[in-house]
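Step one of this worksheet: look at the structure below.
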Amino acid sequence: MTTTPEQALRRLELTVVRRLDGLLHGGHQGLIPGPGSELGDTRVYVPGEDDVRRMDWAVTARTTTPHVRDLIADRELETWALVDLSASMEFGTADVAKRDLVISAVGAIGFLASRIGDRFGAYILHGEDVHRYPARPGRPPLYGLLHSLLSAPPARGATDLGQAVEMMSAAHGRRGLRVIVSDFLDDPGGWERPIRRLAARHQVLAVEVIDPRELELPDVGLVTLADPESGRTRDIFLSRQIRERYAEAASEQRESTRIALRRAGAGHLVLRTDRDWVFDIAQFVLRQRRTSHLIRRTATRGGGK
């Protein structure tokens, strides 16, 4: 029996709600834990625990007692996703294609944002074109976005990820979460600086989508390889030497991507077409929260010495 787009989206939402909702968003926490951005109440400064950069000098001068102003979490955040639907996303040799995994990742983030009232918008990078979907709260706009992703025809031509990041960054200055879902196959020199500038103001999560055949080639002899973006093809005999060189080059490319995203200050989540993407998202968030907790504890202890 053929599954309709509406049935696929409802199943995706049910998966997110059952397996991720309570885990990821207790107390309005996001995918990447961090401090709030709005000023809250003033209270007495606690040496060794409070950041002196949050000192409220007006109240301190008036009371002659050091006071700090707390930061409270935003209650109406705006999340924007940059979704890479370039030709390379049509590739897939495991349970799902990379494109399906992209839509699942966008849907997971969008459903979680909508359940707590946040607005969710997206820029769709489709070949040389970039399509913008306004940030809106609720499920109907998100369903419309995901339906568009499902029904979009295969893209053609090269894409410019860095230029798309610049476009999204320039259009939306209000602080929030920015998610970039891509395979990051382009040279990091084209997108690292735009992401670094984006991360200077926003929380940035880079979701890298990988298929296992992009990491290593099978021992199958003569094959015809095609570049989905340029359309060029080439017949290659997959000898052991060729497969080893390919695996080494793929490993170096992924490592350069990891280093570039780290330098840019973005969170880095890797999703593979041959793995449980829901489990990987949950594990990523748990690691982020443990790291955030350890950093706060270390900072508190260091300040108390």
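The values are calculated or read from the model by the stated rules, or taken from the named source; none is laboratory data. Predicted model only: the values in this text are computed from it and were never measured. Here the Cβ positions follow ideal geometry from the backbone for every residue, glycine too, while neighbour counts run over all protein chains shown.
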Margin query: If a residue must be assigned to a strand (DSSP E or B), under 22 Å from Ser230 (Cβ atoms) and either hydrophobic (A, V, I, L, M, F, W, C) or not assigned by TED's automatic domain parsing to the domain that holds Pro212 (or both), how many such residues does the range 78-127 contain?
Written below: 3
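Conditions (1) among the charged types (D, E, K, R); (2) in contact with a helix residue (DSSP H, G or I) (Cβ under 8 Å, 6 or more places away or on another chain); (3) assigned by TED's automatic domain parsing to the domain that holds Ala105, marked per residue:
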residue	(1), (2), (3)
Gly173	no, no, yes
Glu214	yes, yes, yes
Thr224	no, no, yes
Arg232	yes, no, yes
Tyr246	no, no, yes
Arg254	yes, no, yes
Thr257	no, yes, yes
Check: Considering the range 94-123 alone, what residues qualify as being within 30 Å of Leu217 (Cα to Cα) and at pLDDT 85 or above?
Finding: Val96, Ala97, Lys98, Arg99, Asp100, Leu101, Val102, Ile103, Ser104, Ala105, Val106
Check: Taking interchain pairs and intrachain pairs at least six residues apart, which have beta carbon atoms under 9 angstrom, with the first residue in the range 169-183 and β-branched (Val, Ile, Thr) and the second crowded, with 21+ Cβ neighbours inside 10 Å and in a loop (DSSP other than H, G, I, E, B)?
Finding: Val179/Leu31; Ile180/Ala266
Check: Any chance the range 145-162 includes a residue that's among the small types (Gly, Ala, Ser), over 28 Å from Arg196 (Cα atoms) and modelled with pLDDT under 85?
Finding: no
Checklist line | Residues within the range 53-77 that are modelled with pLDDT under 85 and not in a helix (DSSP H, G or I), tallied | finding: 13
Check: What residue, among those in the range 153-183 that are hydrophobic (A, V, I, L, M, F, W, C) and surrounded by fewer than 16 Cβ atoms within 10 Å (Cβ to Cβ), is farthest from Thr79 (Cα to Cα)?
Finding: Ala158
